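To start, the structure under review is shown below, and the notes come after it.
The values are calculated or read from the model by the stated rules, or taken from the named source; none is laboratory data. Just so you know, these numbers come straight off a predicted model, no measurement behind them. Because the Cβ atoms are built from the backbone with ideal geometry, glycine has one as well, and the counts that use them run over all protein chains shown.
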């Protein structure tokens, strides 16, 4: 039965003749809303959110007094009480479900909350209420389908701006022992970990000092545990140090939110990871020069030994005193395997950024054997000494530091013996049950977070290390992950909360959008459904990481019967076909979201690198059909991931190469690829505009350029793979016929030709009008694309005589290729030398005249001089190939 609301309450709030009257009206409104889910939608549609925003914004007229974050005493005014009531109502509406986030975002609700929080007169009690409400909104936004599918968090663009970041930094900086300070600090850290999803936001937080303040909070826990290195007090005034030893963290402080916020900020960036290690507070408690600092009076530390010289440095493999608290491990013998990659010419093929779909590439990492921060040892100690989510977050930070080469190589055995088994143990279902008492309405359960994130942390740690992959497999990771993947397909038993209306919600409600602050948005997932999505994605990433280089591990995964589940994870979920009935949330998916599909493609790509697995388990399970469907997806990230798998399916040894499913003839446009590129550019521009409208910045164009580069690279790799084997000449003829001989070669030439670089204040058209060709500045295409094109040219040059003739006498192609003999990338130089070898190769005794003609053409382009300069190339591979090329050229030219 529909509950009756009293619209006059809004008039009472709006037209109150005093602040006290408005407070009374807000309390009545609050009492009518809290605990009454049936009334929340009605009040929203009556416009309660815009009214509450106006109430909060009206506080700007309060006479400013000094910021109250650091003061233990609080004297709330009537305006503060009025705002507190309004904030409580907003929080209650947000708890109504993800559908309420649309009107909250559409209006001025979040800006008005931030205006209260950032005002100079905000008392701590009001700040605490604002932060709790913002966290509630962030929790509900995480359940919205579009945010889950796109892996976005639109709230971050509103919070982390130069206007409001100083406010969050100020809250984090307040003394931890002040009454009521710790909840505010932890809520800000939680807010960062929940909403900071963009590279620009993370960089801005580091730039504006938030990462340094989080380092200060972390150092407080180091001090509280007694882990400050000996003599640290003597180096407080050194350059880069804090100037004083931080105060210890209070007993009620929680380490998990700080670790999680740090982990989120430093991910995907070596610069930010190194920034963490050089935070003034951490440099103060962990000085790198501590070897020379503690020669004075001996003190006792948590390792139960004095700080006297000679202790931890004469002990086995101890890099610092904290290492003496860790179990001893023996150095590991390195006898790695030599499995071949299908695109073996690309050593970066194993990199995580290339493997789990388009991700921001890691920036240049420092030299691997730079002095290691003692923070590494402390994090490893915390991971072993603590449990649950604290352990997982410490491991997550260690994994990020390891990926960016900020750990010494000697740490690998220690990680393998001490950390990897702990992460594998966290995969056990029994491990989740032991912490069941920590559940907080299931929404914020640390146990739930451990379940969702442990496989992903394991994947991140072992991705780039064969040694750590072996440790994980020896600990039973594959068997556990296989069982977990099967369990992720079990149906959930929960049912969504019925709406107060008896009218069933149509399917279209799942994809509707609203920019109104008086109407609900589309429903989202239940927390359990979202957990299943994250759980499955993390498991697939872990399986992909473990099967990346070892054929035995791939076979073990297939033998456990999970191939069909991986294929089932590639089935997209269509929200338009989902009928909710009278449910408010999505409780079960008949398909998978984009992140799950990308992870499934990563697992499939890893498994298809095995000849034996490809010929048996994967083909029998029918992997080609879903991959072919995903290649035609409208989502560019899914296209790239599926094409990566397709490259392996199209290899010469693959039985799928001759399958009718691999015939994409009907999907190749009649016009050239160039016209297709124009369509892609137009589509990318539309995506850019949509993301700009969502995030309010232009940094997404960088992401789109990366997507475009990856898509082109995968396309040329696919062409390269189908141009090999006994039928390669016929395949080359087929491609030249379908694309058009001239068009196809022109496209290849266009990828090798430098592009004009317009000036900042001129369009491309006017730029070309003002400058001659010789005056234009130019830039090469990305190295990845050029390298992929040169591989295609190697295969064409390895074809029959007519293919070589086309390549040599094209108006630009050979000239552009030979110019790359001086390219900075050694692989491109080596590939160009291979092209010379293939063009002059003596594989047909009747073709000598054509070979001489091609050699003369190469000589006219200055190839002999260029090859001579490569005889002293820094890369031995280039030098050896150059010798072969020069021998063939001199033989044909009679030199």
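Out of 11, 17, which single residue is modelled with pLDDT of 85 or more, surrounded by fewer than 14 Cβ atoms within 10 Å (Cβ to Cβ) and outside any helix (DSSP H, G or I)? So that I can check it myself, show each step before the final result.
Numbers: 11 fails: outside any helix (DSSP H, G or I).
That would be 17, the only listed residue that is modelled with pLDDT of 85 or more, surrounded by fewer than 14 Cβ atoms within 10 Å (Cβ to Cβ) and outside any helix (DSSP H, G or I).
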### Message
I'd like to verify a number: residues in the stretch 857-879 that are part of a helix (DSSP H, G or I) and loosely packed, with under 13 Cβ neighbours inside 10 Å, how many?
### Response
5
### Task
Restrict the check to the stretch 828-842 and report whether at least one residue is surrounded by fewer than 16 Cβ atoms within 10 Å (Cβ to Cβ) and assigned to a helix (DSSP H, G or I).
no
### Query
Which condition number in (1) over 23 Å from residue 639 (Cβ atoms); (2) modelled with pLDDT of 85 or more is the one that residue 747 fails?
(1)
### Task
Taking residue 170 as the residue in question, decide whether it is in contact with a helix residue (DSSP H, G or I) (Cβ under 6 Å, 6 or more places away or on another chain), in contact (Cβ under 8 Å) with a residue 24 or more places away in the chain, surrounded by fewer than 19 Cβ atoms within 10 Å (Cβ to Cβ) and closer than 23 Å to residue 251 by Cα.
no
### Summary
Here the residues within the stretch 244-278 that are within 26 Å of residue 179 (Cβ to Cβ) and free of Cβ contacts under 8 Å to residues at least 60 places away in the same chain are 244, 245, 246, 248, 251
### Query
Considering 230, 248, which residue is in contact with a strand residue (DSSP E or B) (Cβ under 9 Å, 6 or more places away or on another chain), crowded, with 17+ Cβ neighbours inside 10 Å and not in a helix (DSSP H, G or I)?
230
### Task
Determine whether residue 178 is farther than 16 Å from residue 198 by Cβ and not in a helix (DSSP H, G or I).
yes
### Message
Need a quick list: helices (runs of 4 or more DSSP H) entirely within the stretch 495-611 having at least 3 residues that are at pLDDT 90 or above, within 28 Å of the chain's Cα centre (by Cα) and within 30 Å of residue 103 (Cα to Cα).
### Response
527-546, 594-607
### Task
Kindly indicate the residue of the stretch 796-806 that is closer than 15 Å to residue 722 by Cβ and surrounded by fewer than 23 Cβ atoms within 10 Å (Cβ to Cβ) and also nearest to the chain's Cα centre (by Cα) among those meeting that condition.
798
### Task
Answer yes or no as to whether residue 425 is free of Cβ contacts under 8 Å to residues at least 60 places away in the same chain and surrounded by fewer than 22 Cβ atoms within 10 Å (Cβ to Cβ).
yes
### Query
Does residue 659 fit the bill of being surrounded by fewer than 19 Cβ atoms within 10 Å (Cβ to Cβ) and at pLDDT below 70?
yes
### Query
How about the stretch 880-895: which of its residues are at pLDDT below 90 and under 42 Å from the mean Cα position of the chain (by Cα)?
880
### Query
Looking at this structure, is residue 841 at pLDDT 90 or above and assigned by TED's automatic domain parsing to the domain that holds residue 743?
no
### Output for the stretch 145-167, where each listed residue is free of Cβ contacts under 8 Å to residues at least 60 places away in the same chain and in a loop (DSSP other than H, G, I, E, B)
153, 160, 161, 162, 163, 164
### Query
Does residue 758 count as under 20 Å from residue 809 (Cα atoms) and either at pLDDT 85 or above or buried (at least 16 other Cβ atoms within 10 Å of the Cβ) (or both)?
no
### Query
In the stretch 257-271, is there at least one residue being surrounded by fewer than 18 Cβ atoms within 10 Å (Cβ to Cβ) and at pLDDT below 95?
yes
